[in-house]
Amino acid sequence: MRRLLLAVAVCGLLPISATAADWPTFHGDNSRQGNDSGDPGLANPAAAWTSPQLDGQLYAEPLVVGDQVVAATENNTVYSLDAGSGTVQWSTHLGAPRTTAIICGDIKPQGITSTPVVDGGNVYVVANIQTGPSSFFFELASLSLATGAVNWTANIDPPDNSNPSGVTWSTEALTMEDRGALLVTDSRVFVPMGGNDGDCGSYHGYVVSYPEAGPGAGSLAWWASTEVDAGDSQGADWAAGGLSVDPAGFLYVGTGNSNHTSSNDRYDYSDGVIKLDPQSLAPGAPLDYFAPSTWAQDNAGDADLGSTTPLQLPNGRIFEVGKSGTGYLLNSAALGHIGGQVAAHQVCHANHDAAFGTLAYAGGIVYVGCSDGLAAVQLSCGDDDFAPLWYQTAAVANHPPTVAGGLVWSVSSGGGQLLGFSAGTGALAHSLPITGSTHFTTPTAADALLLVAGGTRVDAFAGDPPPAASGPDTSSTATPTASRYQPLSPYRVLDTRAASCAQCDGGALGPGETRTIQVGGYAPPGFTGATVPTSATAVVLNVTGVDDCVGTYLTVFPAGGAVPPTSSLNPGPGQVIPNLVTVALGTSGGSPGYVGIFNAAGSIDVVADVEGYYQSGGSGSAGELHALSPPVRVCDTRGTEPANPCNGGGAQPLGPGESRLVAVADGPTGVIAHGDASAVVLNLTAVGGTAGTYLTVYPPAASGSAPPTCGSPPLASNLNLPAYAVQPNRVIAQVTEYQGTGYVCVFNDLGSIDVVLDVDGWFGNGSDSGGALFYASNPFRVCDTRGGSGTPCAGGTLGPGEVLPLPVAGAGPLPAAGMVALAANFTAVAGSSPTFLSVYPDASTPPATSDLNSGPGQIIANLGIVAVAPDGIIDILNDLGSIDVVVDAVGWFA
């Protein structure tokens with residue numbers, strides 16, 4: 001078999017068509033990351049509705065489940081609002097809120113202060129209920145989400161009347177409140193508790209749990225901080241985000257300052273991050289803990305770490321920022337006790353009362369609402385450090401942030417505006433008026449809505465509707481025009497790395513950022529060769545993502561339009577990976593010749609090299625495509641294959657710095673073009689290099705009556721790969737004719753490496769006949785076999801040896817008849833084993849070549865130009881294991 005197998009695995013991201021995503025708990029889920037990645041329309045929201053005035057102040061974050069918005073007030077009333085209009089669907093009052101005997105604090109009345117949680121069709125909420133002039137209790141209630149009917153209630157005051165501190169619940173209850181959000185895990189509801197503002201009285205910080213099924217299903221359980229000796233107290237569990245849960249199911253709580261303020265005092269689990277077992281919650285020592293080495297002086301200075309909720313990050317990391325403004329990166333497997341952080345740096349410019357509520361995370365970046373600005377810090381690739389990315393003080397947003405639509409959303413310090421900032425740069429993008437806010441208000445983002453609890457009302461903002469799962473975005477391109485291909489000697493039009501800058505203004509692309517670059521009419525400094533004219537209809541670019549830390553996807557699309565729900569390449573963490581992209585040119589500021597590049601996550605450098613372009617007009621057959629079926633292998637430097645022009649029966653890998661002259665058309669190649677080829681469509685596969693390297697395919701220089709020579713390669717690349725990898729990429733390469741044979745050159749930078757070249761077709765030079773013209777379109781998704789994708793092939797994961805017949809004729813803007821070949825980006829998604837994919841016309845014999853080589857768990861893409869059978873169907877063959885496939889069309893030939 002000639003196909004190639006790959007045995008390395010990386011991870012990445014891939015856009016999936018947006019489906020309804022609820023927000024049933026504080027910041028969306030138990031990680032408390034506050035990231036809504038499924039609503040791209042929230043990049044440009046507009047005012048949708050404001051609810052009627054409710055019966056009390058809203059300190060709890062609104063929740064979204066289906067078509068319901070759940071809001072709770074300090075008057076102990078829970079509301080269900082219609083997500084489409086804000087009208088009240090039902091309301092349930094749970095009893096009189098606490099209005100007297102509030103010794104200290106800044107909330108009056110005190111009713112429902114913490115954010116409820118929705119699970120299993122029920123709303124769980126804690127109400128502070130007054131039963132007499134100086135008597136009250138904390139009631140956990142379960143309500144039906146559908147009707148608001150009360151399922152059950154329970155008194156969850158912890159009967160903590162015998163402990164080393166000597167403080168009983170009856171005493172400390174006078175100064176307690178429930179501020180932190182509720183959480184459900186392990187079939188139990190967890191409730192953090194702490195003191196009122198002002199830290200009056202001898203209270204403790206509590207984490208209380210109760211069975212989700214209610215009375216009779218189990219008993220109340222609790223853990224308490226600051227109970228190590230007589231007189232020990234405080235250490236509240238009070239952050240608005242409440243608790244968080246790691247992937248292993250363990251609980252984490254941030255604790256406040258205590259009355260242990262001397263270095264001679266015993267550490268009492270105050271001013272720290274505490275790890276608890278939800279299945280065995282009990283007083284005493286926790287599973288694990290972290291505290292700053294300055295914990296005692298933090299306690300003395302009211303600079304407690306627990307003013308925010310521990311943020312769960314990938315790869316077993318936790319991030320916490322307290323009132324001091326110092327950020328701590330922790331290892332969840334070993335919190336390190338006192339001074340045991342992985343890394344610590346000042347995050348907020350302020351160093352007192354600096355951060356409150358909770359944090360947000362998206363794509364390798366942590367966002368912190370500081371008292372004097374909004375901070376973004378970038379995690380290192382090894383997840384062992386972090387560094388400042390940006391700090392926004394021009395429009396101060398000191399409330400807890402939320403990420404949605406590629407923007408970071410936070411309420412302004414004055415409480416009158418909802419602010420949206422670029423996730424990558426911090427630039428202010430939106431300022432939306434709201435009716436007000438309370439302490440630590442954080443936006444809710446779900447189901448194409450942004451919600452803010454403002455005073456006694458909920459303000460809603462609606463985003464643009466998500467694009468259709470199948471079908472084109474035609475916002476920036478007119479009806480596709482027949483175009484001819486013009487090959488060029490490769491040259492660089494984008495390199496965001498400062499050391500080799502080409503249109504590098506703005507540096508690396510940040511998360512959710514779209515960069516617009518000029519291609520038509522742009523010539524790099526010092527380049528004297530032919531370039532893409534502004535009149536071009538589409539351009540062929542080799543796009544490379546460089547050293548992304550977190551895994552992302554890039555989408556290249558016509559400038560001036562919306563980002564389509566497609567991908568062009570999928571770099572995994574730390575990868576340098578390319579893909580050939582064919583993209584219609586759009587406009588910028590009314591000028592033609594531009595493309596947009598969207599980055600989904602993290603911060604990534606991008607390089608783009610031009611290989612050629614399509615242009616309308618002309619006559620004859622120049623620039624028309626002749627698709628081959630099956631493809632023809634013209635080069636394999638390994639000695640294991642039958643003799644071909646590259647090995648001559650023996651292994652001849654490319655050495656370091658070597659350029660190899662390769663015949664790709666006519667002569668001994670098996671590709672019959674009769675000397676009419678101006679360019680060939682190649683699948684270039686690099687196999688097992690001894691060093692990390694890059695490969696460049698380029699036209700050789702003609703030498704009159706002598707064979708062409710390779711000379712020096714251009715500043716461009718087609719493949720960038722680490723040592724020992726097997727990696728393919730499509731190339732459209734200009735050829736040089738000599739004595740009836742067309743040649744290209746292949747350059748290898750470092751080490752020794754084998755290469756394989758398969759010819760999929762060729763473009764005519766005008767002396768041929770019978771070719772096909774190209775019609776460019778906006779990228780659109782034809783197929784996504786992942787479940788829930790919304791495409792016709794959803795749920796059709798390919799098994800070993802399975803062939804997927806994919807109808808393409810008539811899909812979206814593709815013609816129902818007359819299509820000769822399809823231009824599409826094919827992406828292999830998370831296969832279970834090393835495999836290859838082959839794409840070919842329906843009902844044909846599978847070719848002895850491959851289009852994609854994928855390792856277990858890998859996400860990798862390759863542009864394909866595949867002949868379409870008369871029935872309008874192409875076939876996709878998977879060799880081994882199970883794998884999902886995504887097909888994003890970019891145009892067709894007819």
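The values are calculated or read from the model by the stated rules, or taken from the named source; none is laboratory data. Since the structure is predicted, the reported quantities are computational estimates derived from the model, not experimental observations. For neighbour counting, all protein chains shown are included, and Cβ atoms are generated from backbone atoms with ideal geometry for every residue, glycine included.
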Subject >> Matching residues in the stretch 269-290 - criterion: being on the phi > 0 side of the Ramachandran plot and surrounded by fewer than 19 Cβ atoms within 10 Å (Cβ to Cβ) >> reply: GLY284
**OP:** Can you give me the number of residues within the stretch 841-853 that are buried (at least 24 other Cβ atoms within 10 Å of the Cβ) and at pLDDT 90 or above?
**Re:** 0
Subject >> Some residue of the stretch 386-400 being buried (at least 24 other Cβ atoms within 10 Å of the Cβ) and in contact with a Pro (Cβ under 9 Å, 6 or more places away or on another chain) >> reply: yes
Original post:
Out of curiosity, is ALA445 of a type in the set (A, V, I, L, M), under 22 Å from LEU54 (Cα atoms) and assigned by TED's automatic domain parsing to the domain that holds ALA240?
Top reply: yes
Original post:
Has the stretch 202-209 got any residue that is in the same structural domain as VAL253 (by TED's automatic domain parsing), surrounded by fewer than 19 Cβ atoms within 10 Å (Cβ to Cβ) and more than 25 Å from PRO109 (Cβ to Cβ)?
Top reply: no
**OP:** Would you be able to say whether some residue in the stretch 820-836 is assigned to a loop (DSSP other than H, G, I, E, B) and assigned by TED's automatic domain parsing to the domain that holds THR537?
**Re:** no
Subject >> Residue ID - nearest to PHE440 (Cα to Cα), chosen from residues in the stretch 300-324 that are of a type in the set (Gly, Ala, Ser) and surrounded by fewer than 23 Cβ atoms within 10 Å (Cβ to Cβ) >> reply: GLY301
Subject >> Condition met for ALA60 (touching a residue at least 24 places away in the same chain (Cβ under 8 Å), assigned by TED's automatic domain parsing to the domain that holds TRP238, within 28 Å of the chain's Cα centre (by Cα) and within 20 Å of PHE190 (Cβ to Cβ)) >> reply: yes
Original post:
So which residues in the stretch 297-351 are in contact (Cβ under 8 Å) with a residue 60 or more places away in the chain, out of contact with any Ser or Thr (no Cβ under 8 Å at 6 or more places or on another chain) and hydroxyl-bearing (Ser, Thr, Tyr), if there are any at all?
Top reply: SER307, SER332
**OP:** Give the residue that is surrounded by the fewest Cβ atoms within 10 Å (Cβ to Cβ), with candidates limited to residues of the stretch 854-864 that are assigned to a strand (DSSP E or B) and touching a Gly at 6+ places or on another chain (Cβ under 9 Å).
**Re:** PRO856
Subject >> Spans of strands (runs of 3 or more DSSP E) in the stretch 477-590 with at least 2 residues in contact with a Ser or Thr (Cβ under 7 Å, 6 or more places away or on another chain) >> reply: 482-495, 538-546, 554-558, 576-584, 586-588
**OP:** Give the number of residues within the stretch 222-264 that are part of a loop (DSSP other than H, G, I, E, B), under 42 Å from the mean Cα position of the chain (by Cα) and of a type in the set (Gly, Ala, Ser).
**Re:** 10
Original post:
So, in the stretch 92-115, of the ones that are hydroxyl-bearing (Ser, Thr, Tyr) and touching a residue at least 40 places away in the same chain (Cβ under 8 Å), which residue ends up surrounded by the fewest Cβ atoms within 10 Å (Cβ to Cβ)?
Top reply: THR92
Original post:
Condition test on CYS793, is it over 21 Å from SER850 (Cα atoms) and part of a loop (DSSP other than H, G, I, E, B)?
Top reply: yes
Subject >> Only one of ALA387, ALA376, ALA423, ALA355 that is of a type in the set (Gly, Ala, Ser) and touching a His at 6+ places or on another chain (Cβ under 9 Å) >> reply: ALA387
Original post:
Going by the structure shown, is GLN417 more than 30 Å from THR73 (Cβ to Cβ) and of a type in the set (S, T, N, Q)?
Top reply: no
**OP:** Keeping to the stretch 26-57, report how many residues are of a type in the set (D, E, K, R), touching a residue at least 24 places away in the same chain (Cβ under 8 Å) and out of contact with any Gly (no Cβ under 8 Å at 6 or more places or on another chain).
**Re:** 1
Original post:
Which residues, taken from the stretch 158-210, are of a type in the set (Asp, Glu), farther than 14 Å from GLY235 by Cβ, at pLDDT below 95 and part of a loop (DSSP other than H, G, I, E, B)?
Top reply: ASP178, ASP197
**OP:** Within the stretch 116-132, track down each residue that is crowded, with 19+ Cβ neighbours inside 10 Å and closer than 19 Å to VAL70 by Cβ.
**Re:** PRO116, VAL117, VAL118, ASP119, ASN122, VAL123, TYR124, VAL125, VAL126, ALA127, ASN128
